[in-house]
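The values are calculated or read from the model by the stated rules, or taken from the named source; none is laboratory data. Since the model is a prediction, treat every value here as computed from it, not as a measurement. So basically every Cβ, Gly included, is an ideal-geometry build from the backbone, and we count neighbours across all protein chains shown.
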Amino acid sequence: MATESPNTAPEAPARPVLEGRVVPPGGAEAQDLARRLALFTVEAPRRRLADLVVPDGTRRQIAALLTKIRYHHVLYEDFGLGEIDPYGGRTAINLYGPPGTGKSFAAEALAHELGLGLIRANYAEIESKFVGETAKNIRAAFQKAREAQALLFFDEADSILGRRLSHITQSTDHAVNVSRSVMLLELDRFAGVTVFATNLAANYDTAFIRRILGHVEMPLPDAAGRRQLWRYHVPARMPVQLDAADWERLVTETDGLAGGDILNSVVAAASAALEREGPACRITLADFLAAIQAAKRAKAVIGRPAA
Ligand SMILES: Nc1ncnc2c1ncn2[C@@H]1O[C@H](COP(=O)(O)OP(=O)(O)O)[C@@H](O)[C@H]1O
Ligand SMILES: [Mg+2]
């Protein structure tokens, strides 16, 4: 993975003056920046694209996006596309779909595939936890990604990608517009890869649409997908007592559920068997069915996969 080199960040051509002043380097400001940079840690990605369960069309779309990113330099400089495609610099990907369908998994696998580190920035958290500080934290996230050569993953990015507000009534609305403007500026000057994850694809701000290389749908898995997900999430060493018909039962029972629910069901079923029989246990179909029912109930109540 990339080592940190603090001086690789290129200066912006024209420094944005969004808070009414240009921030000088050094002193208290430098300390403030160091503190913000520390909010974002760089991980070595471990998930593999080969393990991601998606429909064939989605897999082909991801492969095509990876090619565009890998050969960006060739396309836009060597082949001269940069002269005719004004938005050619974009390398942001938006993954959208219901909770638990593998968006975080895919972001990590993309980083792995591209040989990049991974920075997870939970956008909803940046926005709510750091009121009024959002813009500065967004800039810090991009700077850290630049320094560490990391893929920058903005999870729960629904609010940032939505329409900017045109009738500003409250100061919070103003803050939202400022952080969106900062996000757009940073996306434009960032040469690395950004991935957004959203639950909803509707109502995108056109300014973001232009900067996004591709929108990738992460749907709920069909029966074939769930069959693969069950196989992937039950390791060969796990002591399960299931025949071929039982495995099919698991596939049909989880219709409407996501990969995240299947993972949770496996953990819950195995835990129930352990609780009953200890480490020499057998995990039965009944354990799995009970866990699946619990996952369905949790989803009905809070609309998210069971924790
Ligand atoms: N499409 C998928 N392919 C493989 N595993 C998946 C998939 N969807 C979900 N999972 C499993 O569920 C877990 C949680 O999924 P996650 O990526 O966090 O979903 P999301 O970010 O869309 O809410 C993953 O770590 C993985 O084990
Ligand atoms: Mg996620």
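The set of residues in region 81-104 that are within 14 Å of ligand 1 (Cβ to nearest atom), surrounded by fewer than 23 Cβ atoms within 10 Å (Cβ to Cβ) and part of a helix (DSSP H, G or I) contains only Ser104.
Consider region 34-47 and keep the residues that are touching a helix residue (DSSP H, G or I) at 6+ places or on another chain (Cβ under 6 Å) and within 23 Å of Gly259 (Cα to Cα). The one that is farthest from ligand 1 (Cβ to nearest atom) is Pro45. If you filter region 83-115 down to residues that are on the phi > 0 side of the Ramachandran plot and more than 9 Å from ligand 2 (Cβ to nearest atom), you find that the one that is nearest to the chain's Cα centre (by Cα) is Gly97. On the stretch given as region 65-105, residues that are of a type outside the set (S, T, N, Q) and without any contact (Cβ under 8 Å) to a residue 12 or more places away in the chain total 13. Scanning region 202-226 for residues being touching an Asp or Glu at 6+ places or on another chain (Cβ under 8 Å), away from ligand 1 (no atom under 11 Å from the Cβ) and closer than 28 Å to Glu253 by Cβ gives a total of 1. For Leu274, the conditions (1) part of a helix (DSSP H, G or I); (2) aliphatic (A, V, I, L, M); (3) touching a helix residue (DSSP H, G or I) at 6+ places or on another chain (Cβ under 9 Å) are fulfilled apart from (3).
Yes/no per residue for (1) at pLDDT below 95; (2) under 23 Å from Leu49 (Cα atoms); (3) within 15 Å of ligand 1 (Cβ to nearest atom):
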residue	(1), (2), (3)
His233	no, yes, yes
Met238	no, no, yes
Leu242	no, no, no
Glu248	no, no, no
Ser265	no, yes, yes
Leu274	no, no, no
Arg282	no, no, no
Ala298	yes, no, yes
Val301	yes, no, no
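Restricting attention to region 176-214, and to residues there that are in a strand (DSSP E or B) and under 23 Å from Pro99 (Cβ atoms), which single residue is modelled with the lowest pLDDT? Out of the qualifying residues, it is Tyr204. Among residues of region 178-203 that are at positive phi, those with a beta-carbon under 8 Å from a residue that is at pLDDT below 85 and not in a helix (DSSP H, G or I) at least six positions away or on a different chain give the pairs Asn203/Gly162; Asn203/Arg163.
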